[in-house]
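For reference, the structure is listed below as structure tokens.
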Amino acid sequence: MRRINLQAAKVLLGLLFCCLIPLVVLAQEESKAKDPSEENSAPEIHSQTRVKLGGISLGGFYRHYSGFDYYPYYYPYSSALWGMMPYSLWPYPDFSPAFYHPGYYSGFSRSDGMGEVRLLTSEKTAAIFLDGAYAGVAEDLKSIWLEPGAYTLEVQGHGNERFKKRIYVLSGKTVKVNAALMEEVRR
Amino acid sequence: MNYLVRWALLATFPLTLLAETQDGIPPRRSAADYPAHAEVEGVAVGAALLTAEQVRHNFVSDLNRGYLVVEVSAYPNVSEAIELARHHFVLKTAEGTHLSRPADPKTVAAILNRTAGSDREVTLYPSVGIGYESGPRYDPVTGTQRVGGLSTSAGVGVGVGPSQSGASEQDRRTMEMELSEKGLPDIKTSKPVSGYLYFPVTGKKKSGLLLECGLGREKPLVLKLLP
């Protein structure tokens, strides 16, 4: 038990030490940003340093040795198997780009240089349209990653309930859209 | 002759359509719905200075870095069309000294894009691992036998580099589109018009600002801006 406590203390110390590195980097960056040599005529805008979390990885393992084993790690995947990934055999249905948004097939997944649209709707089964093309249902599209640009987002609930908004997506930024469905009055 | 008239009508039809199209934002019900409003020579004008939070909520472009955003609406009399242009507006201090004129959305987008390109980004990737090994293990390097036990690991990956947010050419075009579409249009109209004006500012002079609206009239309207 005492040994476990010691190990835990080592982990905490390690994390604390590693967290000091970005602080030192930040301090250096700030000292560079204070250089007054470059002045702009119009608005006075200083460059900023942003700190973001790339992700947290947590790992755990249990390993048991029952004898001499030089190579306990055997790799079950041979290179020949790579070509047989299920994605390459995925049966894409026929689609017309006029009705389905290209992102519909990629699941609007994250990629470099993209921006995120976080969509909040009251109706989970509402249909989502981007620039008039079908993108999917609301419950599958809580987070939509798109190329930078302007889009017309449309949420269509059951009946005449609709929400329409022009959205602008910038790379690395998140736009939150709260789509309150309102009944459309048709005359 | 009829042939010529027909062609002239066909040629002018798209122009009339263009003349009617306008950007901007939907105006509020009346000028009185704005914190600052006044009326002169048959034109009512309402204005509101957006707070930093409102700017963040209404725009994806980072206008809080060097710009003041003012929402302006003009309500002309139905009988009289007014000519509205960005250069009719001037931002002044409470003492009446000239502060700035609204910036062109294209210029604002270019400046914000350039600024975003000079930003730095520090990305952290922390990792923690814990494991347990049991049984005797022969170490082929040292030739000794090791008994299992608890093993732990911790680390942080740090990535430092230029910011990728809002710095690309596509981003600049998007910002330009957003600021133009939401901006107050240069238009001659008899309908209510609304849009945002982007005033470049240096320092923090947000209190007691005055918005002077020329609107081509002899006597300009002066509105005390309130958020």
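The values are calculated or read from the model by the stated rules, or taken from the named source; none is laboratory data. If you're wondering where the values come from, they're calculated on a predicted model, not measured in any experiment. Cβ atoms come from the backbone with ideal geometry, glycine included; neighbour counts cover every protein chain shown.
Being among the charged types (D, E, K, R) and either at the interface with another protein chain (Cβ under 10 Å from one of its Cβ atoms) or in contact with a helix residue (DSSP H, G or I) (Cβ under 8 Å, 6 or more places away or on another chain) (or both) is a condition met by at least one residue of the stretch B:91-102. Among the strands (runs of 3 or more DSSP E) confined to the stretch B:24-97, the ones with at least 1 residues that are more than 30 Å from A:Lys176 (Cβ to Cβ), over 22 Å from the mean Cα position of the chain (by Cα) and of a type in the set (Val, Ile, Thr) are located at B:36-40, B:43-49, B:82-84. If you check B:Val43 against the conditions, is it of a type in the set (Val, Ile, Thr), surrounded by 21 or more Cβ atoms within 10 Å (Cβ to Cβ) and either in contact with a Lys or Arg (Cβ under 8 Å, 6 or more places away or on another chain) or at pLDDT 60 or above (or both)? Criteria not met by B:Val43.
Mind telling me which of the residues B:Asp33, B:Asp23 ends up being closer than 18 Å to B:Leu197 by Cβ, of a type in the set (Asp, Glu) and at pLDDT below 85? Residue meeting the stated conditions: B:Asp23. The one condition from (1) surrounded by fewer than 17 Cβ atoms within 10 Å (Cβ to Cβ); (2) part of a loop (DSSP other than H, G, I, E, B) that B:Gly166 does not meet is (1).
Scoring B:Asp171 on the criteria (1) surrounded by fewer than 17 Cβ atoms within 10 Å (Cβ to Cβ); (2) within 7 Å of chain A (Cβ to nearest Cβ); (3) not in a strand (DSSP E or B) leaves a single failure, condition (1).
State yes or no: is B:Gly195 in contact (Cβ under 8 Å) with a residue 40 or more places away in the chain and at the interface with chain A (Cβ under 9 Å from one of its Cβ atoms)? Here the answer is no, as B:Gly195 does not meet what is asked. Evaluation of A:Ser96 against the conditions (1) within 20 Å of A:Val155 (Cβ to Cβ); (2) modelled with pLDDT under 90 shows that the sole unmet condition is (1).
Selection of the stretch A:164-187 for residues being part of a strand (DSSP E or B), in contact (Cβ under 8 Å) with a residue 40 or more places away in the chain and either at the interface with chain B (Cβ under 10 Å from one of its Cβ atoms) or crowded, with 18+ Cβ neighbours inside 10 Å (or both) yields A:Ile167, A:Val169, A:Thr174, A:Val175, A:Lys176, A:Ala179. Return a yes/no flag: does the stretch B:121-129 have any residue that is acidic (Asp, Glu) and assigned to a loop (DSSP other than H, G, I, E, B). Among the residues of the stretch B:121-129, not one is acidic (Asp, Glu) and assigned to a loop (DSSP other than H, G, I, E, B), which makes the answer no. Inside the stretch A:145-162, can you point out the residues that are more than 14 Å from every other protein chain (Cβ to nearest Cβ) and either outside any strand (DSSP E or B) or out of contact with any Ser or Thr (no Cβ under 8 Å at 6 or more places or on another chain) (or both)? Of everything in the stretch A:145-162, those that are more than 14 Å from every other protein chain (Cβ to nearest Cβ) and either outside any strand (DSSP E or B) or out of contact with any Ser or Thr (no Cβ under 8 Å at 6 or more places or on another chain) (or both) turn out to be A:Glu154, A:Gln156, A:Gly157, A:His158, A:Gly159, A:Asn160, A:Glu161, A:Arg162.
The set of residues in the stretch B:183-204 being buried (at least 21 other Cβ atoms within 10 Å of the Cβ) and over 16 Å from B:Asn58 (Cβ atoms) consists of B:Val193, B:Pro200. Somewhere in the stretch B:169-184, is a residue among the small types (Gly, Ala, Ser) and closer than 30 Å to B:Val45 by Cα? Yes: one or more hits. Within the stretch B:128-148, can you find the residues that are at the interface with chain A (Cβ under 7 Å from one of its Cβ atoms) and of a type in the set (A, V, I, L, M)? B:Val128, B:Ile130 - these are the residues of the stretch B:128-148 that are at the interface with chain A (Cβ under 7 Å from one of its Cβ atoms) and of a type in the set (A, V, I, L, M). Can you pull out the residues in the stretch B:46-56 that are surrounded by 14 or more Cβ atoms within 10 Å (Cβ to Cβ) and either of a type in the set (A, V, I, L, M) or at pLDDT below 90 (or both)? Across the stretch B:46-56, the qualifying residues are B:Ala47, B:Ala48, B:Leu49, B:Leu50, B:Val55. Do we find that B:Glu212 is more than 7 Å from chain A (Cβ to nearest Cβ), charged (D, E, K, R) and outside any loop (DSSP other than H, G, I, E, B) in this structure? Considered against the rule, which asks whether it is more than 7 Å from chain A (Cβ to nearest Cβ), charged (D, E, K, R) and outside any loop (DSSP other than H, G, I, E, B), B:Glu212 comes out as yes.
Does A:Gly157 satisfy the criteria of being modelled with pLDDT under 90 and either aromatic (Phe, Trp, Tyr) or buried (at least 16 other Cβ atoms within 10 Å of the Cβ) (or both)? Yes: the conditions hold for A:Gly157. Among residues of the stretch B:92-116 that are in contact (Cβ under 8 Å) with a residue 40 or more places away in the chain, those with a beta-carbon under 6 Å from a residue that is polar (S, T, N, Q) and in a helix (DSSP H, G or I) at least six positions away or on a different chain give the pairs B:Pro105/B:Ser180.
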